[in-house]
Amino acid sequence: MRSIFFILFFLPGEIFLRAQNMQAIDSLNALAGKEPTDTGKATLYNHLANEYRFHDVKMQMDYAKKALNISKQNNFIPGEANAYNMLGSAMENTGRFDAALNYYDSSLAKWTSVNSVYNEAKLNLNVANVYVSKTDYHSASEYAIRSLKQQESVHNNFGVAVSNLTLGNISYNQGDVNSALDYYEIAYRLNKASKKNIEVSAVALGNIGGMFISLKQYDSALYYYRLSAGDFINAGMYLRLGSNYDNLGTVWKDKGNTDSALWYFRHALSLDYKYDNAVSACKALRSIGGLYEDGNMPDSSIFYFNKSLAISTKLKTLDDELGVLYELSNDYEMKKDLASALRYARRYTELSDSLHDAEKAGVVEQLKMVNELDKKDHDLQIAQERQKVSEARQKVSDEKYQRNVIVFSFMGIVGVIIVVVLLIMYRLKRKNNSLLEKKNEEISAQKNEMMSSIQYAKRIQEAIFPPKELKYKLFPDAFVLLLPRDIVSGDFYWFAEKNGKKFMAAVDCTGHGVPGAFMSMIGNAFLNEIVLEKGITSAGKILDELRGMIIASLKQKGQEEESKDGMDLALLVFDEKNNSAEFAGANNPLWICRNGSMSMEEIKGDKQPIGFYSGEAKPFLSHRINLGKGDALYVFTDGYADQFGGQLGKKFRYKPLQELFINVSAEPMRMQEKILLGTFEKWKGNLEQVDDVLVIGVRV
């Protein structure tokens with residue numbers, strides 16, 4: 001589910017003051033206070049309303065109403081038109097579409113009264129965008145086409161660019177992704193070639209990203225969404241950021257990274273609530289509900305879907321309402337509440353039928369509308385052509401006329417043959433498309449079944465691993481940053497408590513995804529058996545025992561050609577009574593940043609894995625460490641340091657990671673986790689994640 005951005009024209013002129021900061025707003029207020037004329041004050045108040053339009057809807061409306069009152073008192077038509085326009089934009093940005101149309105109609109009437117085609121074109125496009133939001137694509141097409149013709153008539157290339165954005169939105173909502181992508185790219189190029197309005201740039205880039213999701217080109221989608229987010233932030237358009245983050249969440253969901261998807265969806269919802277963007281909030285709630293539904297948690301998904309349904313019903317956004325009704329029916333069926341499932345299914349069917357009938361009528365009306373817009377020019381062309389034919393026939397001789405009749409008859413026969421051939425080809429193509437569609441449905445069903453299985457495996461994996469409650473009980477001031485490359489992870493963390501000692505491990509199993517997840521569950525089970533059942537508490541001996549159990553379970557007999565499956569890990573055993581800890585590592589180290597120190601102490605693990613090893617296997621060493629209050633200890637796998645990124649696409653590497661730990665070591669552990677995550681995402685950029693990532697930090 002993607003949010004398509006809209007662009008709106010406001011004051012006369014494509015680019016006005018875009019201060020986006022309090023200093024500029026204060027300057028405009030100061031000018032308004034000194035302005036001697038009422039018309040000048042009205043103009044400045046409209047400018048102030050424009051400055052507030054993506055920051056504070058209430059202030060936008062307050063200034064627009066001031067401008068409207070002054071303009072009415074002075075019969076200042078441009079001031080009235082702009083004020084109505086600003087009130088319409090405030091209503092649209094907060095999802096009050098019927099009110100927005102009323103204000104836009106008032107503005108349009110004012111511009112028409114003074115015969116301002118330039119501004120009529122802008123208002124027609126604003127109205128078209130509202131009708132897109134209301135899923136009335138017939139009306140949207142009518143106003144968008146009218147606006148495009150007006151933009152062309154006054155040679156407004158920038159306006160043509162914005163009209164292409166709206167036509168792209170209409171094409172996308174009617175299911176024509178490729179046409180929509182063409183419209184958006186044209187809009188971006190025209191805008192770049194004209195005045196490079198950053199708002200148009202942000203909207204076009206975001207919508208291009210949405211089309212790449214539809215085409216399943218996820219890296220391209222991430223690239224364009226991030227460019228779009230940057231433009232929105234640079235323009236101070238925070239009201240649009242919620243939709244942008246919702247789109248980023250959709251990309252991560254489609255890529256299978258539900259944790260990242262949920263983070264972006266929740267962040268989108270937070271922004272939507274903050275800036276009173278009901279339309280975007282409706283979509284974010286539906287996105288979150290969809291994630292919980294995919295995770296087989298119907299109670300949670302129903303909670304969010306109902307919130308989304310309440311908003312979509314109030315806003316009368318029929319597409320959103322239809323989608324949520326369908327999902328709610330599925331969720332209640334999942335809960336075996338068939339009565340509720342049937343109730344929502346009936347509501348879905350009734351609404352769908354009414355919308356379908358309206359769309360069919362709309363197609364016919366749209367064709368009529370296009371014909372009416374061009375009727376005068378078309379009739380004139382036909383009349384001219386008929387006159388030419390009549391004059392030509394009078395000049396030619398009967399013999400020549402007869403030859404023409406023969407030629408045209410022959411052409412008619414050829415035309416009939418061509419039509420018959422095309423009909424045959426069309427039927428064959430339709431048959432082949434039907435077979436291809438059936439095959440695609442089978443593949444999609446298989447893919448969905450496979451994804452459901454992997455999601456189920458993730459839930460099993462999460463259930464087996466230590467709960468967060470145990471982590472915070474054993475280590476109150478700690479963090480765990482786990483970023484699976486795929487849905488399930490080959491990296492895992494392990495916590496335990498035995499005989500007054502606390503245990504913590506960061507483990508990297510061979511592989512990632514499903515194979516790595518199998519190894520992680522084996523490793524977790526063996527560690528629990530070694531410590532909790534057998535009572536082994538020495539760090540080195542735990543790794544010795546784990547190695548033996550892994551080799552035995554995988555039937556590794558020491559042959560070169562056999563499986564190299566196993567794991568690398570870093571294990572800590574804390575003895576709080578003696579303010580000390582034991583460390584043992586298989587290829588992975590322990591890093592310690594002493595309280596108040598700006599240097600890092602490293603204790604290296606043994607250069608051998610847990611599992612088959614072609615070299616000489618030795619007992620794992622236990623390193624005893626004296627701890628002081630405030631010391632920060634870090635264990636990790638290799639995924640963070642091995643991630644490609646940056647401007648040159650190189651690995652992050654261990655030295656910069658060590659410097660990062662030193663720089664953040666004084667921060668609270670929860671803050672360190674956020675900094676590490678943000679640094680990783682920024683470094684990775686639009687490149688693929690190469691491996692699972694796991695970092696554990698704990699403060700003594």
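The values are calculated or read from the model by the stated rules, or taken from the named source; none is laboratory data. Here the structure is a predicted model, which is why all the values come from computation and not from measurement. Positions of Cβ are generated from backbone atoms using ideal geometry, with glycine treated the same way; all protein chains shown enter the neighbour counts. To get the accessible areas, we keep the full protein, side chains included, count just its heavy atoms, and leave off ligands, DNA and RNA. Shrake-Rupley method; radii C 1.70, N 1.55, O 1.52, S 1.80 Å.
Given a Förster distance of 60 Å, report the FRET efficiency between Tyr472 and Asn102 from their Cβ-Cβ distance, rounded to the nearest 0.05.
Rounded to the nearest 0.05, the efficiency is 0.65.
Apply the a/c threshold of 1.5 to the C-alpha gyration tensor of the range 600-700 and tell me whether it is rounded, prolate or oblate.
Judged from the Cα gyration tensor, the range 600-700 comes out oblate (a/c at least 1.5, b/c at or above a/b).
In terms of the Cα gyration tensor, with a ≥ b ≥ c the square roots of its eigenvalues, is the range 56-163 rounded because a/c is under 1.5, prolate because a/b exceeds b/c, or oblate?
Values: a/c = 2.10, a/b = 1.24, b/c = 1.69.
Here the range 56-163 falls in the oblate category.
Just in the range 613-700: which trypsin sites (Lys or Arg not before Pro) are loop by DSSP and have at most 13 other Cβ atoms within 10 Å?
Lys629, Arg653
Per the 1.4 Å probe, what fraction of the accessible area of the range 55-185, in percent, lies on carbon and sulfur atoms?
The computed percentage sits at 46.
Given Lys253/Lys684; Lys604/Lys651; Lys577/Lys674; Lys122/Lys216, which pairs have Cα atoms separated by over 26 Å?
Listed pairs above 26 Å: Lys577/Lys674; Lys122/Lys216.
Could you please put Ser141, Ser179 in sequence from largest to smallest accessible area, using a 1.4 Å probe? Walk me through the numbers on the way to the answer.
On the way: Ser141 5, Ser179 40 Å².
Most to least solvent-accessible, the answer reads Ser179, Ser141.
Each label point is 7 Å from the Cα along the Cα-to-Cβ direction; what then is the distance between the points at Lys149 and Asp62, in nm?
4.3
For Asn74 and Lys314, FRET efficiency with R0 = 30 Å and r from the beta-carbon atoms, rounded to 0.05? Numbers along the way, then the final one.
Values: r = 37 Å, r/R0 = 1.25.
Calculated value: 0.20.
Determine the order of Ile77, Ile208 by accessible area, beginning with the largest, at a probe radius of 1.4 Å.
Ile77, Ile208
Could you list the chymotrypsin sites (Phe, Trp or Tyr not before Pro) in the range 646-683 that lie in coil according to DSSP, counting only those with at most 16 other Cβ atoms within 10 Å of their Cβ?
none
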